[in-house]
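The values are calculated or read from the model by the stated rules, or taken from the named source; none is laboratory data. Here the structure is a predicted model, which means the values were calculated and not measured. Here the Cβ positions follow ideal geometry from the backbone for every residue, glycine too, while neighbour counts run over all protein chains shown.
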Amino acid sequence: MMKTLSTLQSAKYHVKRALQEHSHPTVVDATLGNGYDTLFLAKEVGTQGKVFGFDIQSLAIKKTTQRLQQEGFLERVTLFHVGHEYWEAFIPHGYKNQINAVMFNLGYLPHGDETIITSPETTLQAMEHACQWLAPRGVITIALYVGHEGGQNEANHVVNFASQLPSNQFQVTWTQTLNRTHAPSLVVIEKRK
Ligand SMILES: C[S@@+](CC[C@H](N)C(=O)[O-])C[C@H]1O[C@@H](n2cnc3c(N)ncnc32)[C@H](O)[C@@H]1O
């Protein structure tokens, strides 16, 4: 029997697909956390690629920097210790319409302060920027968690925002597990040509 992909495996599958055939892709990790997704992205973009990353917590910046340093990928990554809603002020404007993939992994920093969580207002602002800056065929993956307080509300906002994107410009899917309570789900937004 074919094994079902987890939410994060699915997100990575979509990112990999978007980066295929790009010799110097540019990607954004909108929520660095412990840096696992950043490391994945840094490996995927290759020697000519570029990764930008955001997080509001100094612990996340520290953990991600350490992880990238240990694995030798720090030089292709630029980390911003600021909220992803400030995207426009931090990512150089030459990258407009050039972003091939954006990963959002919402919620709290695992093994960190569980009261510091992503919030609907700032998440939607960052998603709006991501949609505007995406290259043709670029993808945005948003992993949604509903097990913590505020998670379901944020998931509702994200799904509502994504479902209103014009279908002639974006293809939007939402993958959910139906028979497990509080299972994470994945929204994928792909920009059409
Ligand atoms: C689930 S964790 C991310 C996990 C991470 N991608 C990894 O591989 O470990 C969510 C992160 O979002 C961060 N966060 C919360 N609000 C944010 C904001 N406005 N902008 C950027 N990051 C934010 C939190 O500090 C936390 O580190």
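Numerical summary
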quantity: Conditions (1) within 20 Å of residue 40 (Cβ to Cβ); (2) at pLDDT 95 or above; (3) out of contact with any Asp or Glu (no Cβ under 8 Å at 6 or more places or on another chain); number of the one not met by residue 139; calculated: (3)
quantity: Residues located in segment 172-193, provided they are in a loop (DSSP other than H, G, I, E, B) and either in contact with a Ser or Thr (Cβ under 8 Å, 6 or more places away or on another chain) or more than 20 Å from residue 140 (Cα to Cα) (or both); calculated: 176, 177, 178, 179, 180, 181, 182, 183, 184
quantity: Residue, modelled with the highest pLDDT, within segment 17-32, restricted to residues that are polar (S, T, N, Q) and away from the ligand (no atom under 16 Å from the Cβ); calculated: 26
quantity: Residue satisfying all of: in segment 20-79; among the acidic types (Asp, Glu) and either at positive phi or assigned to a helix (DSSP H, G or I) (or both); surrounded by the fewest Cβ atoms within 10 Å (Cβ to Cβ) among these; calculated: 21
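Condition check ((1) small (Gly, Ala, Ser); (2) in contact (Cβ under 8 Å) with a residue 24 or more places away in the chain) across all residues:
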{"residue": "138", "(1), (2)": "yes, yes"}
{"residue": "171", "(1), (2)": "no, no"}
{"residue": "177", "(1), (2)": "no, no"}
{"residue": "190", "(1), (2)": "no, yes"}
